[in-house]
1. Search the structure for amide H atoms under 5 Å from the amide H of Val225, placed 1.01 Å from N in the peptide plane, and list their residues when 5 or more places away or on another chain.
2. Going by average Cβ density within 10 Å per residue, which order do the peptides 181-190, 114-123, 249-258 take, highest to lowest?
3. Quick check on region 87-258: take the gyration tensor over C-alpha atoms, sort the square-rooted eigenvalues as a ≥ b ≥ c, and tell me if it's rounded (a/c under 1.5), prolate or oblate.
4. Can you tell which of Tyr79, Ile46, Leu34 lies farthest toward the positive end of the dipole of region 9-82, using +1 and -1 charges on the Cβ of basic and acidic side chains (Lys, Arg; Asp, Glu)?
5. Calculate, in nm to one decimal, what Arg39 and Tyr147 gain on full extension: separation in residues at 0.36 nm each, minus their alpha carbon distance.
6. Where the only charges are on Cβ atoms (+1 Lys, Arg; -1 Asp, Glu), what is the dipole of region 87-258 about its Cα centre, to the nearest 20 debye?
7. Loop-only trypsin sites (Lys or Arg not before Pro) in region 97-164, please: DSSP not H, G, I, E or B, and at most 16 other Cβ atoms within 10 Å.
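Every read-out reported here was derived from the displayed coordinates using simple, explicitly stated rules and does not represent laboratory data. Quick caveat: nothing in here was measured; it's all calculated off a predicted structure. When we count neighbours, we look across all protein chains shown, and the Cβ atoms used for this are built from the backbone with ideal geometry, even at glycine.
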Amino acid sequence: MARRKPENHDEDDANDLRYRAPALEKGLDIIELLASAPRPLSPKQISERLNRSVSELFRMVQVLEKRGYVAMAENQSGYELTNKLFSLAMSRGVSKNLLDHAIPVMRSLAENILQACHIVVVSDDQIVVVGQMDAPGIPSFHIRVGYRQNITDTASGAVFYAFQSPKVRKAWRTALQPNLTPEERETFEAQADRARAEGHLVAKSQYADSITDICSPIFSDNGLVAALTIPYIKSKLSVSIEDCVASLKEASLQLSTLLGATPGSSNPQIKS
């Protein structure tokens, strides 16, 4: 029987170095930096944060811009990520199936209530908008696809938290709430409890005083997958919040059914 060759970590490290791709690493460093930055960054700021020279990164930024991964901000203050990576990710599997079903349901909902709506999923400690529909022919609150916000700062985040199992909810509580004030923590927990009890949530938006978020969970055959939200703005053409709630819950039930949701577990929409 042949003797097993002893492990050689130095050789493994050497192989890792041999197959490095410095140009690719620079591009990924830029993308990851811009993804974590709260605002656009200038070439000088990018170089300082990555500890590289501007000239070293200039060509890489130009290539990323040409390929559509980064773009200059509208105010020309620096570069920011586009939605290209997000769109590529959303073209896969479950996400694509969700949007294929959600877009026509959202279009019908927006036409029925004359309000915009959007659908979000959870990504780490944030919610991210994966689909959006404007109200037809009238001004409405527009949230761009790819927009992210902390789970604890949104009605949809409270809805996601509400419909987790007790074990998962406890883990989320530990991970998400350490930086909240006692008042913020109490408000978030109360919203989640209300959402769980009523099957939806109506809450004042933290984004603007004039907006009321109306949010409902979306389920598939695998459980909770998304949340559908109406950023309600009262106008002469708007229907009542109560009518929006009814239409939203009907749309959520329709979408959940299309995604294969069945009666039972944590799904309050489909009755046995």
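1. Ile218, Phe219, Ser220
2. 114-123, 249-258, 181-190
3. Oblate shape, in that a/c is at least 1.5 and b/c is the bigger or equal ratio.
4. Of Tyr79, Ile46, Leu34, it is Tyr79.
5. So the chain would gain 37.6 nm between Arg39 and Tyr147.
6. Dipole magnitude for region 87-258 comes out near 300 debye.
7. Arg144
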